[in-house]
1. Condition test on Gly414, is it within 29 Å of Pro290 (Cα to Cα) and at pLDDT below 95?
2. Any idea which of (1) among the aromatic types (Phe, Trp, Tyr); (2) over 23 Å from Leu417 (Cα atoms); (3) at pLDDT 95 or above is the one Tyr97 doesn't satisfy?
3. Check Gly86, Gly17, Gly29, Gly35 and return the single one that is among the small types (Gly, Ala, Ser), buried (at least 24 other Cβ atoms within 10 Å of the Cβ) and either more than 23 Å from Thr181 (Cβ to Cβ) or at pLDDT below 95 (or both).
4. Taking region 180-230, which residues are within 26 Å of Phe289 (Cβ to Cβ) and β-branched (Val, Ile, Thr)?
5. Within region 492-513, how many residues are under 17 Å from Ala451 (Cα atoms) and in a helix (DSSP H, G or I)?
6. Would you check if Asp476 is assigned to a helix (DSSP H, G or I), of a type in the set (Asp, Glu) and touching a strand residue (DSSP E or B) at 6+ places or on another chain (Cβ under 9 Å)?
7. Which of the residues belonging to region 523-546 are of a type outside the set (A, V, I, L, M) and either in contact (Cβ under 8 Å) with a residue 60 or more places away in the chain or touching a strand residue (DSSP E or B) at 6+ places or on another chain (Cβ under 6 Å) (or both)?
8. When you look at Ser147, is it more than 25 Å from Ala26 (Cα to Cα), out of contact with any Gly (no Cβ under 6 Å at 6 or more places or on another chain), without any contact (Cβ under 8 Å) to a residue 12 or more places away in the chain and open to solvent by 20 Å² or more (accessible area, probe 1.4 Å), yes or no?
Amino acid sequence: MSTAGTGHGPAGRPRTGKAALVEQFAADGLTYMFGNPGTVEQGLIDEVTDSEIDYLLTLHESVAVGMADGYARATQRPALVQLHSGVGLGNGIGMLYQAKRGGSPLVVLAGEAGVRYDAMDSQMAADLVAMARPVTKYATRVIDPASLLRVMRRAVKIAMTPPRGPVLVVVPADVLDAIVTDPVVPTVIPDTRVLPEPAVLAAAAEILAAGRRPLVLFGDGVATSGAQRELAAVAELLGAPMWGVNSSEVNVDSRHPLYGGQLGHMFGADSARTVADADTVLIVGTYVFPEVFPELTSPFAPDARIVHVDLDAYEIAKNHPVELGVVADPRLTLAGLAARLDRPGRQRPPRWDGAAPPGDEPGDDAGLMNRFVRTLVRRAPDDLVIFDEALTESGPLAVHAPPRVPGRFFQTRGGSLGVGIPGALGVKLARPSQQVVGFTGDGGSMYTIQALWTAARHDIGAKFVICNNRRYRLLDLNIEQYWRDGGIPAHLHPDAFDLSRPAIDFAALSRSLGVPAQRVSTPQEVPAAVEELLATPGPFLIDLVTD
């Protein structure tokens, strides 16, 4: 990719659309294609096989999208996905939803038999653009070979321009087989480092400085902008607690004394309790609020003064009014706010000048997951990377492996289960020299367990931990809340939440897919299991019985 549009391919040279497309991928630095092949894409895949692009073969489309999502998050670059027609796109929809909610810049190609077959209503025919529109930032179909490269560059640009997100390009086989003569040029990604005008920054600083009970709400737009340091500086100058909203990456050091934690993703009442007493609120890099059951009325105090900063104008004041909305880059805007809040003579709370004191950590007898994570962190390299889809078992990760360094912690987002294993694989491709461990649940793992085969086939040395409580435990907790809210007496959980009949032997299943594995069910087994996980050069799986 380029931000200056330098370099031109040979103009007027005839070659097939599929050959030109591979040239375009090379010009944009797209070195991996995550996919599952189909007949209508066979010509393109044949062309990719003879190129410098590595085709990562997956056994299900959701694995391809999940791997691409992890890779895009770890590299902050576009990731290329190939899906097969309507059925393949349908299989990838759930993971595309997660990518859209999280802002992952995926470039998805979906094949079709050909434009000339449009009137035939043939096998696997479907309106792919209509299917993809709800789960993508942009979806289109190429019907003229002369537009193929132009449309592809447009897709890459849209995927990478904030708010980032997945895009779909439908490529009929006859378009790919046609002769094109357009030159290849690198895609231009526009610079969106927009700084508000001085009067807007001054107004925002004045609003925030007037508060006696300030609050900061932040999301993954902070990480995308690289604004972690600036966010902490503003919070320190305000003396404001910081709470994550739609936050799945390292947006602030979680050991910072002003970090309050994550707001819930399920019930709006949880967020309302946190924000109700604030008289000034700074919202950065997120919308409010992303719960499944949000409050329908504003949870903020009636007289609260709210400043909302984001590069996505749609998200500002989308659900609740704000006093000042600023469409601008978070890092530059926060730096400008800090400069105004740090002016001489301003009375402000004491600044934080050191690391947060370590809290009390639970002992090794506080559960098998706690013991395992504690042992892993003690013995793993300092640059350990965690992909967290442990959900109800995530507590020990927050205690022993708290998110502190950008690029070394990734969490599931968007509500789609199954990203833990493929997401860790994508991160490992982006960080081949670092130890990457993906945590997932027994229920979530079964959405994409086929990803283990891809790990073995391509020797991707990520490690995996399946937290095996033999239930959809999150559903247990949610229905208990539902009973409490509805005044319903507690009773047995629905049998549909149970995964123990028959029991799944994850270690055996992993080995059958080519990945060595070990089952761990007692504290005594933990040290040796961790040593084997870290010492194994390729992929390795732990079936951790956490119930």
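1. Yes.
2. Status for Tyr97: all satisfied but (2).
3. Details: Gly86 fails: buried (at least 24 other Cβ atoms within 10 Å of the Cβ); Gly17 fails: either more than 23 Å from Thr181 (Cβ to Cβ) or at pLDDT below 95 (or both); Gly29 fails: buried (at least 24 other Cβ atoms within 10 Å of the Cβ).
The match here is Gly35.
4. Thr192, Val194, Val200, Ile207, Val216, Val222, Thr224
5. Residues flagged as under 17 Å from Ala451 (Cα atoms) and in a helix (DSSP H, G or I) within region 492-513 amount to 7.
6. So Asp476 fails the test.
7. First, pick out the residues of region 523-546 that are of a type outside the set (A, V, I, L, M): 523-525, 527, 531-532, 536-540, 543, 546.
Residues satisfying the conditions are Pro523, Pro527, Glu531, Thr536, Pro537, Gly538, Pro539, Phe540, Asp543, Thr546.
8. no
The values are calculated or read from the model by the stated rules, or taken from the named source; none is laboratory data. Here the structure is a predicted model, which means the values were calculated and not measured. Reconstructed Cβ throughout: ideal geometry from the backbone, glycine too, with neighbour counts over all protein chains shown. Heads up: the accessible areas ignore ligands, DNA and RNA and are worked out on the full protein's heavy atoms, side chains in. Shrake-Rupley method; radii C 1.70, N 1.55, O 1.52, S 1.80 Å.
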